[in-house]
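Reviewing the structure listed below.
The values are calculated or read from the model by the stated rules, or taken from the named source; none is laboratory data. No experiment lies behind these values; they were computed from the predicted model shown. Ligands, DNA and RNA are excluded from the accessible area calculation, which covers all protein heavy atoms including side chains. Shrake-Rupley method; radii C 1.70, N 1.55, O 1.52, S 1.80 Å.
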Amino acid sequence: MTLRIMSLVAVASLASGCWPYIGNPGEGGDVADTETDADADADADADADTDTDTDTDADADSDADADADSDADADADTDADTDADTDADTDADTDTDPGCGDPAVTGPWAGHPIGDAGVAVRSSPYTFDSNLDTVRALATGQPYAVIVNEQISDAVVVATGYAPSVPSGSLSFYLADASGALLAYDIEVPFDPSTLQPGDVIDMRVQEVTDYFGTPEITRASNVTVVRSGDPVWVVDGMTGSNVTFDSYPSEVVELWGEAVTAPVDCAGRDCVDIDFGAPATVEFRGPAGDVGLGDCVHVIAPVSTFDGATQLDMDNFDWFRTY
């Protein structure tokens, strides 16, 4: 294969109230009786008029205040309720309405290699050591093939690439132990390669390794032997809301689902789209040309791969995904 990629009013009620200033009328001094009476009458009339005017003004002010208060309250209530309710409802619906819901069935489906193998799925890593950590370390950072001689024992096959049914041939597959997963690329096997299944436990002698654009790989091995079958397959839950990256899950099988949020672009004869699965960042999906388009809902159970620093879900086996 020429290119391989396993990879968001104030309603400020300014209630300004002024307490009215109420003044006491002044009192005059003593004068002649005649003048006093005349002044008293005049004063009384004047006072009476003043009182009448004052009462009238008070009533007018009261009406004006009442009208102003009524208008202000009505306007403020109407605006606040309308704006707050409309904005809050619109935002909430937009943020929580996903493009794709959950698939009807999660976990391996009929037709997925794990489902067809009839094995159980486990969510926790393995606890045994098959020597994959040593082999991985030998391959990491080696852009050219390196000759090695390391034995791998009792490693579990967690994913298998496509292989035709022939008496003997080669295929790519993923192995896992307590240290994580590792890709065995295009390995010759002394049996029909299409019969290798997830859950098979194998031994083999590793003879060559390399680091292919960021992916440590076994590139040649001998004495590949299936020692037993039916072991549970470790699958990482990718729907926790965290980003799925090769640094976090190198070559490990992850299950996730979501919406294709970009139109397909050509990826060396295949199509690449970005999948939004509810995490802060999308993940790139590389699959067969014409199979996944913008807005499609995609369910994937596949190894996490990388090419030149970019995380991908590369469908080396077209049965690793489905649309729903």
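Observations on the model:
- Ranked from largest to smallest solvent-accessible area, with a 1.4 Å probe on the protein heavy atoms, 205, 136, 220, 286 come out as 220, 205, 136, 286.
- Considering only Cα atoms, the convex hull volume of the stretch 142-295 works out to 131 Å³ per residue.
- Taking all protein chains together and rolling a 1.4 Å probe, residue 315 ends up with roughly 0 Å² accessible.
- By accessible area with a 1.4 Å probe, ligands and nucleic acids excluded, highest first: order of 314, 116: 116, 314
- Accessible surface of residue 217 - all protein chains present, 1.4 Å probe, nearest 10 Å²: 0
- Remark on the stretch 258-324: Rg and Dmax equal 10.6, 31 Å (Cα only).
- In this structure residue 318 has an accessible area near 100 Å², from a 1.4 Å probe over the protein heavy atoms.
- Where the stretch 135-287 is the region considered: accessible area per residue in Å², 1.4 Å probe: 40
- Probe 1.4 Å, all protein chains present, accessible-area order of 306, 245, largest first: 245, 306
- Euclidean distance of C-alpha centroids, the stretch 118-136 and the stretch 229-286, integer Å: 20
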